[in-house]
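Structure first, then comments.
Derivation of every value follows stated rules applied to the coordinates shown; laboratory data play no part. This structure is a prediction, so every number in the text was calculated from the model and none was measured. No Cβ is skipped: glycine too gets one built from the backbone with ideal geometry, and neighbour counts run over all protein chains shown.
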Amino acid sequence: MRFRALELADTHCHLHEYDERDVLRIGRLGLKVLAVSDDYESSLRTLVLSRRHLWVVPAVGLHPWSVDSESIRLVDKIIDLALEHGVKAIGEVGLDKKFAPHTIDLQRIVFIKFVEYARAAGAVLTIHAVNTWREVLEILERYDVNSAVLHWYTGPAELLSRIRSMGMFIGVNPSIKIQEKHRRVVEKAPLEILLPESDGPYKYRGLMLDPSMIKDVIEWIAKLKGLSIEEATDVIRDNIRRFFRSL
């Protein structure tokens, strides 16, 4: 089938890490791209890309792996960027106890500051959660924030109904080709909470993730759900419309 331009999207891409030639290549895919950031400098780069390319929707943020003792000051600077440029998406932000356990207390402070801002500004959060899925949901519930996507979700299947009831989404990326636990999540998740993402340019177990794989992600979702590609695409397209409605 033909995937119609700008009706599909990559809902989590580190576009600032690509060189200009690759950015132009990605632009020719006809996707809307939510470009996430890792820190203050990458947030600036993301904003530049969004001004140059209409298909780029910027998100500014501070990745949990980037959190250190200077982060509180950076959070305020990043929030100022969001206010100054009218950015309605915050990410990549979150909590990671697996790969950055040594900074988890600082991560928590930083994440809550972004959650508080998202609530006040009506912004969408794109969230990195590793071994912290329940805590992240508890924080979002405490602050009454539900405009969010849990990117590359590999958490417990029993949380999926809670995520759905909160009105949130989960991200599905090309790792579904080789990551069994990601496939198991997609098999059990309600189709209406799934969003395609690339997380590019990230190399996972030899697989270089890239926005050009969004079509492959949807085909995998269709396969795991026992649907035709057309049926899966129609629902995913509607999910994308709902997600981007406030951006």
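The table for this structure:
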item	result
Where only alpha carbons of segment 9-244 are counted, the Rg and the Dmax (Å)	16.5, 50
Trypsin sites (Lys or Arg not before Pro) within segment 1-109, DSSP loop, no more than 11 other Cβ atoms inside 10 Å	Arg2, Arg4, Arg28, Lys98
FRET efficiency, Glu41 to Ser228 (Cβ-Cβ, R0 45 Å, nearest 0.05)	0.55
Segment 9-244, dipole about Cα centre (Lys/Arg Cβ +1, Asp/Glu Cβ -1), debye to the nearest 20	440
Per-residue HN-Hα couplings for segment 93-105 [Karplus 6.51, -1.76, 1.60; θ = phi - 60°; Hz; x = Gly/Pro]	10, x, 9, 9, 8, 8, 9, 9, x, 5, 10, 4, 5
Amide proton proximity set for Ala89, modelled H, under 5 Å, gap of 5+	Val60, Val124
Subset of Lys77/Lys203; Lys181/Lys215; Lys32/Lys223; Lys97/Lys177; Lys88/Lys188; Lys97/Lys181 violating a 27 Å alpha-carbon distance limit	Lys77/Lys203; Lys88/Lys188
Cα principal axis extents for segment 42-148, largest first, Å	37, 27, 22
Gaussian network model of the chain, Cα within-10 Å springs - most flexible of Leu159, Leu150, Leu195	Leu159
